[in-house]
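Student: One structure, pasted below without further comment.
Taken together, the values in this text are just the output of simple stated rules run on the coordinates, not laboratory data. Just so it is clear, the model here is predicted, and its values are computed rather than measured. Using ideal geometry, Cβ is built from the backbone for each residue, glycine included, and neighbour counts are taken over all protein chains shown.
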Amino acid sequence: MKLCLAQEKGNLEAMFEKLKSGFKGLVNKVTTTELKAENLNPILSEFKMSLCENDVAYPVAEKISNDLEKRLVGVQVKRLEDRKKIVDENLRQVLLAVMLTNKTIDLLKLAGEKRQKKEPLVLMFVGINGTGKTTTIAKVAHFLGNKGYTVVLAGADTYRAGSIEQLEEHGKRLGVRVIKSNYGGDPAAVAYDAVNHAKAHGINIVLIDTAGRMQTNQNLMNELIKVKRVIGPDLTIFTVDSLIGNDAVQQAEEFNKAVGIDATILTKVDADVKGGSALSVTYVTQKPILFIGVGQTYKDLELFNPEKFVNMVLR
């Protein structure tokens with residue numbers, strides 16, 4: 001058990017190495033500089049470019065740099081004070097301000113409240129093809145099943161060939177029922193049937209898989225809007241591939257405008273050495289990240305904690 005935990009910690013430490021390197025470089029430079037605007041400007045300008053190179057969206061990189069400058073310029077460091085500690089703490093506060101949203105979501109608390117009311121918690125997953133959405137849904141089903149909740153899956157992706165079979169295979173492995181239709185069927189009807197099935201059988205949670213679509217395809221977006229209107233999910237969750245960098249921010253913005261999202265799941269984070277998507281998506285959408293996908297197996301899904309993320313990239 002200890003070995004597994006150590007390996008898991010090692011894997012997490014390996015993530016976002018470029019972002020961590022950028023923060024470390026900034027702290028080292030600022031620590032050896034007098035905290036005056038003329039000294040900080042060139043360092044922070046270079047730091048801003050480093051953030052952008054690590055997939056942090058430009059407006060977010062600019063905010064981090066500007067807020068850090070406001071905090072540091074003119075700070076009087078006493079002779080015996082640890083200058084590095086002062087810079088570290090200010091950077092930590094700036095990053096937390098970017099990562100924290102007005103609304104936080106405690107998924108397990110929400111699930112518990114719905115179960116007490118004898119109502120299913122309905123989660124609708126959206127995103128484009130290739131982000132690992134269907135696999136992520138299976139991981140969420142596994143996570144919730146391990147917490148003692150019963151789950152039903154809705155195969156409302158009636159467009160992509162093989163999508164229903166893929167979801168059924170996950171359902172079979174997890175021992176979870178899949179409500180489905182034929183390809184070309186009405187996705188809203190499938191989702192509606194799944195919710196009614198959960199109500200009739202006392203199932204705690206409904207996870208709805210929808211067709212992956214480009215945010216620019218208005219017809220398919222309208223289909224999503226229809227599904228959402230028919231079932232009124234408790235949460236609409238956007239899944240996004242962290243490896244696509246700034247495109248992740250654009251996708252999140254577009255989906256949020258068109259459909260309205262409540263939270264994000266970042267997939268393929270284990271392969272992401274840059275890490276800027278995590279900073280950017282939260283700040284741009286003002287929606288929290290619920291989970292990060294950190295591997296291929298069902299257990300490779302971590303509840304996302306902004307404080308833990310900030311501590312990790314500043315370590």
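Student: So for the chain, averaging the separation of alpha carbon pairs under 8 Å that are six or more residues apart and normalising by length, what relative contact order in percent results?
Tutor: Numbers: 545 pairs, mean separation 76.8, N = 315.
Contact order relative to length: 24 percent.
Student: Next up: Calculate how steeply helix 187-201 sits against the longest principal axis of the alpha-carbon atoms of the chain, using the helix alpha-carbon long axis, and give the answer as 0 to 90 degrees to the nearest 10.
Tutor: It works out to around 80 degrees.
Student: Order of 303-312, 31-40 by packing, highest average Cβ count within 10 Å first? Mind dumping the intermediate values first?
Tutor: On the way: 303-312: 16.1, 31-40: 13.5.
Highest to lowest by the protection proxy: 303-312, 31-40.
Student: How many nm separate the modelled label positions at Asn305 and Val73, each set 7 Å beyond the Cα in the direction of the Cβ?
Tutor: My value for the distance between the label points is 3.6 nm.
Student: Follow-up. Tell me the angle of helix 246-258 to the major Cα principal axis of the chain, expressed in degrees between 0 and 90 and rounded to the nearest ten.
Tutor: So the helix axis and the longest Cα principal axis differ by about 50 degrees.
Student: Would you please calculate the Kirkwood hydrodynamic radius of the chain over all C-alpha pairs and express it in Å, rounded to one decimal? Show your work: numbers first, answer last.
Tutor: Details: mean 1/r = 0.0481 Å⁻¹.
Across the chain, the inverse of the average 1/r is 20.8 Å.
Student: Report the calculated FRET efficiency for Lys85 and Tyr58 (r = Cβ-Cβ distance, R0 = 22 Å), to the nearest 0.05.
Tutor: Values: r = 30 Å, r/R0 = 1.34.
The calculated FRET efficiency here is 0.15.
Student: So, one more: Would you mind putting 227-240, 163-176 in packing order, based on average other-beta-carbon counts within 10 Å, highest first?
Tutor: On the way: 227-240: 20.6, 163-176: 17.1.
Descending mean neighbour count gives 227-240, 163-176.
Student: If each residue's Cβ is checked for other Cβ atoms within 10 Å, how do His197, His142 rank with the fewest at the top?
Tutor: Numbers: His197 16, His142 20.
Listing His197, His142 from fewest to most nearby Cβ atoms yields His197, His142.
Student: Here is a follow-up. Neighbour counts of other C-beta atoms within 10 Å: give me Ser45, Ser50 arranged from fewest to most. Don't skip to the answer; put the middle values down first.
Tutor: Details: Ser45 12, Ser50 19.
Lowest to highest Cβ neighbour count: Ser45, Ser50.
Student: HN-Hα J couplings of the range 104-118 from phi, Karplus 6.51/-1.76/1.60, θ = phi - 60°, integer Hz, Gly and Pro as x?
Tutor: Values per residue, Gly and Pro as x: 10, 10, 9, 4, 5, 5, 4, 5, x, 5, 5, 5, 4, 7, 6 Hz.
Student: Nearest 500 deg cm²/dmol is fine: what mean residue ellipticity at 222 nm does the chain get from its DSSP H runs of n ≥ 4 alone, each adding -39,500 (n - 2.57), divided by its residue count?
Tutor: -17500 deg cm²/dmol
Student: Hey, what's the Cα Rg ratio for the range 89-144 versus the globular rule of thumb, 2.2 N^0.38 Å?
Tutor: Working: Rg = 16.0 Å, N = 56, 2.2 N^0.38 = 10.2 Å.
Working it through for the range 89-144, the quotient is 1.57.
Student: How many nm is it between the label spots at Thr150 and Asn182, if each spot is 7 Å from the Cα in line with the beta carbon?
Tutor: Simple spin-label model gives 3.1 nm for this pair.
Student: Here's something else I'd like to know. Give me the log10 of I(q) over I(0) for the range 46-99 at q = 0.29 Å⁻¹, as the Debye formula computes it from C-alpha points; what are the numbers?
Tutor: One equal scatterer on each Cα of the range 46-99 leads to -1.17.
Student: For the chain, modelled as a GNM with alpha-carbon contacts under 10 angstrom, which of Leu243, Leu220, Leu301 fluctuates the most?
Tutor: Taking springs between Cα atoms under 10 Å, the residue moving most is Leu220.
Student: Relative contact order of the range 164-315, please, whole-number percent, based on alpha carbon pairs below 8 angstrom and at least 6 residues apart.
Tutor: Numbers: 167 pairs, mean separation 22.9, N = 152.
It comes to 15 percent, rounded to a whole number.
Student: So if we plug the beta-carbon distance of Glu113 and Ile225 into 1/(1 + (r/R0)^6) with R0 = 25 Å, what FRET efficiency do we get, rounded to 0.05?
Tutor: Details: r = 27 Å, r/R0 = 1.07.
The formula returns an efficiency of 0.40 here.
Student: Assigning unit charges at the beta carbon (Lys, Arg +1; Asp, Glu -1) and nothing else, what dipole magnitude in debye, to the nearest 20, does the chain show about its Cα centre?
Tutor: Details: 43 positive and 37 negative charges, 168 e Å.
Roughly 800 debye for the chain.
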